[in-house]
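Each remark here refers to the structure printed beneath this line.
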Amino acid sequence: MTRGSLRRGAALLGWLMLSLLPGSGAWAASDWTLVREQGPVRLWARANPPGPFQALRLEMRVAARPAALLAVLRDTANHRQWLPGSREVRLLARPTPLEDLVYTRLAAPWPAQDRELITRSRLEWLPGCGLRLRVWADADALPPTPGRVRIRASQGLWQATPLGAGESLIRLETYTHPGGQLPGWLVNQVAARSAFESFVAIKRLMEDGKTTALMAAQLCPSGQ
């Protein structure tokens, strides 16, 4: 596999981390290292032993209400706008309004095999129409697809907090083990860059367009 192919494969992980929608929710933990900051978007990383792949944490302030985040993440028809490495994202089931089962397929450079991921998510509404979305891999929810690598280790936590005046604070912690033979040092480098760029795209989508605003208004339950 060439260096260019390795970089494209590592970028897959960055996009995949955002697709998951990690962890403990310990936003103030001291073991995170600030990697990049640009305007209102910040990215931290930390080791996740025993594996070589880092966990990521991202945060941004957005001129949109919290439910706009859910509107973007559930708009599977437009997944490539913020998840450009994805070939397919589709809803498999929604057992309740607060639970989703989602299939994601991500392109891998030759000769690597495409990755596929099945995730379950659970939504919790918070006061003021804030939200918390926990996501984890459910690798055995479907039979494996020949010729694709099934991601088995992955978890994520989104949180959107209203700040007033139509603004929100968006936070994400995420970790994914992509499987295969990609070197950890390269995956960590490229995944951080790709995840940051995807977060910027989500901010743009949350803030742009009347459709997202309308969807967000419909998603927020009455009484919140």
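Residues are listed down the side, and each one gets a yes or a no for (1) loosely packed, with under 14 Cβ neighbours inside 10 Å; (2) modelled with pLDDT under 85; (3) more than 25 Å from Leu106 (Cβ to Cβ):
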site: Leu12; (1), (2), (3): no, yes, no
site: Met17; (1), (2), (3): no, yes, no
site: Leu21; (1), (2), (3): no, yes, no
site: Ala26; (1), (2), (3): yes, yes, yes
site: Asp31; (1), (2), (3): yes, no, yes
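Within segment 98-117, can you find the residues that are open to solvent by 30 Å² or more (accessible area, probe 1.4 Å), assigned to a loop (DSSP other than H, G, I, E, B) and either within 15 Å of Leu83 (Cα to Cα) or touching a helix residue (DSSP H, G or I) at 6+ places or on another chain (Cβ under 9 Å) (or both)? Answer for segment 98-117, where residues must be open to solvent by 30 Å² or more (accessible area, probe 1.4 Å), assigned to a loop (DSSP other than H, G, I, E, B) and either within 15 Å of Leu83 (Cα to Cα) or touching a helix residue (DSSP H, G or I) at 6+ places or on another chain (Cβ under 9 Å) (or both): Ala107, Trp110, Pro111, Ala112. Restricting segment 92-139 to residues that are more than 15 Å from the chain's Cα centre (by Cα) and small (Gly, Ala, Ser), the residue that is nearest to Ser168 (Cα to Cα) is Gly130.
So which residues in segment 118-130 are surrounded by fewer than 17 Cβ atoms within 10 Å (Cβ to Cβ) and closer than 16 Å to Ile151 by Cα? Spell out the reasoning first.
Restricting attention to segment 118-130, the residues satisfying the condition of being surrounded by fewer than 17 Cβ atoms within 10 Å (Cβ to Cβ) are 122, 124, 126-128.
Hits for segment 118-130: nothing passes.
Taken across segment 167-174, residues that are of a type in the set (D, E, K, R) and either within 23 Å of Ala77 (Cα to Cα) or open to solvent by 10 Å² or more (accessible area, probe 1.4 Å) (or both) do occur, with at least one present. Residues in segment 64-85 that are open to solvent by less than 60 Å² (accessible area, probe 1.4 Å) and over 12 Å from the mean Cα position of the chain (by Cα) were compared, and the one that is farthest from Lys203 (Cα to Cα) is Gly85.
The values are calculated or read from the model by the stated rules, or taken from the named source; none is laboratory data. From a predicted model like this one, the values you see are computed outputs, not experimental measurements. Don't worry about glycine lacking a Cβ; one is built from the backbone with ideal geometry, like all the others, and counts go over all protein chains shown. For the accessible areas, the whole protein counts, side chains as well, though only heavy atoms, and no ligand, DNA or RNA atoms are used. Shrake-Rupley method; radii C 1.70, N 1.55, O 1.52, S 1.80 Å.
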